[in-house]
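Down below is the structure, laid out as structure tokens.
Please treat every number below as a calculation from the coordinates, not as lab data. Worth saying up front: this structure is predicted, and the values here are computed from it rather than measured. Note: ideal-geometry Cβ built from the backbone for every residue, glycine included; neighbour counts use all protein chains shown.
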Amino acid sequence: MEKKIFVIVNPASSHGKTGKRWAGIKVQLHAGGLHFDYALTERPGEGTGLCRDALEAGYNTLVAVGGDGTLNEVVNGFFAVDGETRKRAAVGLITMGTGGDFARTVQLPRNVPEAVQRIARCQLRCLDVGMITFQGSGGETTKRYFCNIVDVGLGGFLVNRTRNHAKALGGTLFFLLNTLVSLALYQNQKVSVVVDDGFHWQGKAVTIVAGNGQYFGGGMRITPLASLDDGLLDFLFITDMHKAKLIANLYRVYKGKHLEISGVKFLRGRKIRIESPNEILLEMDGEQPGKTPVEIEIMPQVLNYII
């Protein structure tokens, strides 16, 4: 099938650098032999509608130019159309964002010419996608899709606290400094968790992570054993751990060597439900869309992704 390409660009990603670089990226896409139409997003969430409209108009290759949040918007647009349309379509990424965590898991280069070559080659891998149902900011029940990771607890608190902050320090340093500040401010929360209708856990937790990918927070390898196409989510609970112990072991998270620390629980499953007497914020692919109660499940091998 002939590729009909639509490129969705988030000019605000990477602290506005993507918008400044787009003219050069466009030249490199043409130099790679690609013929395409494109649109620049003007507000958060717009990428979802652009992707949906492009698919309904007959485009079959959707390329996100931006970060994890941009890709998340495109993927949500991908799942706003019917299954037959999705089967004939594929999603790709030119990673430009501050965190770039999904790109780390798929080993996508930050080098634009190489990313363009991959899109031109269009070799596909069929990936799992997570589906999450949660309470939106207005109290409404909301359903979204994600490629990478959902974090209920500390991550939602961090993203909410820093959403209007500039990221001029760069991804890893920005997220590290703000993680330390957020750890100092955050209060562990009471939660009730059910995994696959069989495993039950109650207690206080720093955070509960559902990982399809491996990295979040600008390079933390939080679910280091996760696979993008195994039909499972990796669940990580950091229980009621003292802040000094958390900070002392933070370097282990970057290396993915934290699973054996006391107070860290790890298991795999297809579905998790998280409830709390309090409203706990969630983080999804770098964004903060809502709060508990949360239900997350995996949809096996439903996304044609350009590797």
Positive end of the dipole of the stretch 130-300, charges at C-beta (+1 Lys, Arg; -1 Asp, Glu), about the Cα centre: which of Met131, Pro224, Pro277 has its Cα farthest in that direction?
Pro224
Exposed GluC sites (Glu not before Pro) absent: longest stretch of the chain, with sites in DSSP loops and at most 10 other Cβ within 10 Å deemed exposed
141-259
How large is the dipole of the stretch 5-122 about the Cα centre if only Lys and Arg carry +1 and Asp and Glu carry -1, each at its Cβ, rounded to the nearest 20 debye?
420 debye
Does anyone have the angle between helix 17-31 and the longest principal axis of the chain? Alpha-carbon axes, 0 to 90°, nearest 10?
40 degrees
Which entries of Lys17/Lys87; Lys190/Lys255; Lys143/Lys255; Lys243/Lys271; Lys17/Lys143; Lys190/Lys265 have Cα-Cα distances beyond 23 Å here?
Lys17/Lys87; Lys190/Lys255; Lys143/Lys255; Lys243/Lys271; Lys17/Lys143
Exposure proxy order (Cβ contacts within 10 Å, fewest to most) of Ser262, Ser13:
Ser262, Ser13
Of the residues Ala64, Ala210, Ala244, which exhibits the maximal mean-square fluctuation in a Gaussian network model of the chain defined by a 10 Å Cα contact cut-off?
Ala244
Treating only Lys and Arg (+1) and Asp and Glu (-1) as charged, each at its beta carbon, one finds that the chain has a dipole about its Cα centre, in Debye to the nearest 20, of 920 debye
Listed residue (Ser13, Gly47, Asn148) projecting farthest to the positive dipole end of the chain, Cβ model
Ser13
How would you classify the stretch 185-230 from its alpha-carbon gyration tensor, with a ≥ b ≥ c the square roots of the eigenvalues: rounded for a/c under 1.5, else prolate if a/b is greater than b/c, otherwise oblate?
oblate
Under a GNM of the chain (C-alpha, springs under 10 Å), which listed residue has the highest mean-square fluctuation: Asn188, Asn249, Asn60?
Asn249
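Any number yet on Rg/Rh for the chain, C-alpha, Kirkwood? Walk me through the numbers on the way to the answer.
Details: Rg = 18.8 Å, Rh = 19.5 Å.
Using only Cα positions, Rg/Rh for the chain is 0.96.
Quick one: grab the alpha carbon gyration tensor of the stretch 139-265, order the square roots of its eigenvalues as a ≥ b ≥ c, and give me rounded if a/c is under 1.5, else prolate or oblate depending on whether a/b is larger than b/c.
Rounded is the answer for the stretch 139-265, as its axis ratio a/c remains below 1.5.
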Normalise the Debye intensity by I(0) for the stretch 1-74, one equal point scatterer per Cα, no solvent, then take log10 at q = 0.15, 0.16, 0.20, 0.22 Å⁻¹ and round to two decimals.
-0.47, -0.53, -0.82, -0.97
Could you work out the relative contact order of the stretch 130-300? I mean the mean sequence separation of Cα pairs under 8 Å and 6+ apart, divided by the number of residues, in percent.
32 percent
Compute the relative contact order of the stretch 217-276 as a whole-number percentage, counting only Cα pairs closer than 8 Å that sit 6 or more residues apart in sequence.
45 percent
Could you tell me which of rounded, prolate or oblate describes the stretch 5-122, using a ≥ b ≥ c as the square roots of the eigenvalues of the alpha-carbon gyration tensor, with rounded for a/c under 1.5 and, failing that, prolate when a/b is larger than b/c and oblate otherwise?
rounded
Please give the helix 46-56 orientation as an angle from the longest Cα principal axis of the chain, in degrees from 0 to 90, rounded to the nearest 10.
50 degrees
C-alpha center-to-center spacing [the stretch 64-99, the stretch 1-57] in angstrom
11 Å
Helix 112-121 sits at what angle to the longest principal axis of the chain, using alpha carbons and giving 0 to 90 degrees rounded to 10?
70 degrees
Mean separation of Cα contacts under 8 Å (at least 6 apart) over the residue count of the chain, i.e. the relative contact order in percent, is 21 percent
Taking the number of other C-beta atoms within 10 Å as the exposure measure, put Cys147, Cys126 in order starting with the fewest.
Cys126, Cys147
